[in-house]
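All of the numbers you see were taken from the coordinates with simple rules; none came from a lab. This is a predicted model, so every value here is computed, not measured. Positions of Cβ are generated from backbone atoms using ideal geometry, with glycine treated the same way; all protein chains shown enter the neighbour counts.
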Amino acid sequence: MVSALLLKDRFEKVVMLERQSRERFFRTRGYTFPIVFSPAALAVLDRIGVRTAINRERSPYFGVVVHKRILGRELTWTAKKEDIYSHWRNHIVASLYERLSEEGIEVQFEAVVEDIDFAANVCTEAKLGEVPFDLLLGADGIHSQTRGLVAAAGSQPDSFSSELLDRWYAYRLPAEGALGEKYASGDHGHAHVHADNLREFPSEKFRVITVAMTRPQPEVSVVVKYGAELSVERAKELNATFFSSVVESEVLEAEWNAGFGGEYRHVHAPTFHLGSTLLVGDAAHGFEGNGDLINLGTTSVATLPGLIDGHHGIPAALAAYDRTVGASLRTYSDYAMRRSLEQINFEVAAFEAGALLKLNPHHPSMWGIFEEDFEICSYMERYEKERRRIRNRVGALTAAVAAAGLHRLSRRAG
Ligand SMILES: Cc1cc2nc3c(=O)[nH]c(=O)nc-3n(C[C@H](O)[C@H](O)[C@H](O)COP(=O)(O)OP(=O)(O)OC[C@H]3O[C@@H](n4cnc5c(N)ncnc54)[C@H](O)[C@@H]3O)c2cc1C
């Protein structure tokens, strides 16, 4: 929807093909899950005229509290940031759709794409028949059909894949009693990230993230992340253990049962581009997000109008996107994969030690995309450069320590 609104003036007609029924598309279950927009993403929402509508239901959100056990004791670390808000996803979807309707952009619900002919630029849909296109954006999410068709028609089909990392389950709890005290006190929210498995079941991957929402009413949104090998029943039991001291068991049972779950997958796509077709959003670079996915999707598609204006023909513009924004998104995705596999702790510590000494900027996981001037290409170039510098610095330090050790040994031997 963001892409359609960004590009509407450059094409005679924009059609959105949506697989779900209208009812499912707008289904809210009363809530969905919170989304926190970065300043760069908000600027894009401004550009397409939806920011005011989206802001109508925002909740103030001032930071993240990380809970981490060190030597058996739970320690907390808080990172604060002003002027950041969280929004229920369903409200964002409704606001974007309202804007599409104002612009007269057609959405075909229950669409069934039968084929895409990438050479002739024709998409075949069950009801509409053959739909010729100048530009086709595959914005069809983590299980993207477009990605599968691009892979099959491209030169390196085996390099496209998606792998299951973890599972998630989302539900909400009333911001009351001991739970409210712990996770939702005051007039704004914090996200609480519990970064360890449960003390009682240390070998089963189970993490809890809560976000306090204040609008339209105070409540605590809960997302649990659990190992792909665990069943949802087991996740429910672990969740009950986690919340047993702060929520009554009947309330927890009822609220969990009203929730919903899914998978965290990582997409490997060596290119996002084939002819006049481009993969965007999760279809292109889906990974286990850390509050960054929608923001990256939104800010990256915002480069398309400029690229289309600056190139002769759509394929040339898309090729330029793939070489620049696409390459940076793939680097970000590699970093996100290492993050999912919990392989970045040393890197984060090295970055943050350098940042403390003002030798380098903060690590991308430390509010990276929330910097005011965030732009994916320059950001990833800087990150890669700093990573190399830190590696060299650590290498030089290790060599110096080893040389000093050898020197002392040789003096002793002498
Ligand atoms: C629990 C949870 C919490 C999250 N929290 C955050 C957060 O705080 N911040 C953040 O930035 N991101 C967050 N994300 C990630 C975020 O939701 C996704 O990155 C984002 O929705 C991706 O947008 P998209 O438009 O690319 O894909 P989607 O939102 O998945 O939209 C794809 C659309 O395409 C439709 N579709 C699929 N296949 C077809 C087809 N074959 N034909 C036609 N239509 C099709 C789908 O029905 C859907 O409407 C979260 C995700 C989860 C699961």
#### Entry: Length gained when the stretch GLU237-HIS268 is fully extended (0.36 nm per residue, less Cα-Cα span)
7.9 nm
### Summary
Classified through the alpha carbon gyration tensor (a ≥ b ≥ c as square roots of its eigenvalues; rounded if a/c is under 1.5, else prolate when a/b is larger than b/c, else oblate), the chain comes out oblate
### Summary
In deg cm²/dmol, rounded to the nearest 500, the helical mean residue ellipticity at 222 nm of the chain, built from -39500 (n - 2.57) for every DSSP H run of length 4 or more, is -12000 deg cm²/dmol
### Query
Looking only at LYS81, LYS127, LYS205, which one moves most when the chain is put into a Gaussian network model with springs between Cα atoms under 10 Å?
LYS127
### Query
So for the chain: antiparallel DSSP bridges make up what percent, rounded to the nearest 5?
85
### Message
Can you give me the C-alpha center-to-center distance between segment 27-76 and segment 178-217, rounded to a whole angstrom?
### Response
14
### Query
Hey, fewest Cβ within 10 Å first, where do VAL36, VAL211 land in order?
VAL36, VAL211
## Note on the structure
Ordered by fewest other Cβ atoms within 10 Å, a rough proxy for footprinting exposure, CYS377, CYS123 read CYS377, CYS123
#### Entry: segment 270-414, relative contact order in percent, only Cα pairs under 8 angstrom and at least six apart counted
21
### Query
Which net charge results when you count Lys and Arg as +1 and Asp and Glu as -1 among the other residues whose beta-carbon is under 12 Å from that of HIS87?
+4
### Query
What relative contact order, as a whole-number percentage, does the chain give when Cα pairs under 8 Å and 6 or more residues apart are counted?
17
#### Entry: Part-to-part distance (alpha-carbon centres) for segment 390-407 and segment 252-300, which is given in Å
41
### Query
By the gyration tensor of its Cα atoms, with a ≥ b ≥ c the square roots of the eigenvalues, what is the shape of segment 1-69: rounded for a/c under 1.5, prolate for a/b over b/c, or oblate?
oblate
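What's the FRET efficiency of ALA254 with ASP117 using the Cβ-Cβ distance as r and R₀ = 30 Å, to the nearest 0.05? Before the final figure, lay out each step's value.
Values: r = 50 Å, r/R0 = 1.67.
Working from the Cβ atoms, E equals 0.05.
Suppose every K and R has +1 on its Cβ and every D and E has -1 on its Cβ; what is the size of the dipole of segment 344-405 about the Cα centre, in Debye to the nearest 20? The partial results should precede the final answer.
On the way: 8 positive and 9 negative charges, 92 e Å.
It comes to approximately 440 debye.
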### Task
Evaluate the distance, in nm, between pseudo-label points positioned 7 Å from the Cα of GLN20 and of GLU98 along their respective Cα→Cβ axes.
1.8
### Viscosity 0.692 mPa s, 37 °C: Kirkwood-radius Stokes-Einstein D of segment 291-382 over Cα pairs, µm²/s
226
### Query
Given Cα pairs under 8 Å that are at least 6 residues apart, what percent is the relative contact order of segment 344-405?
25
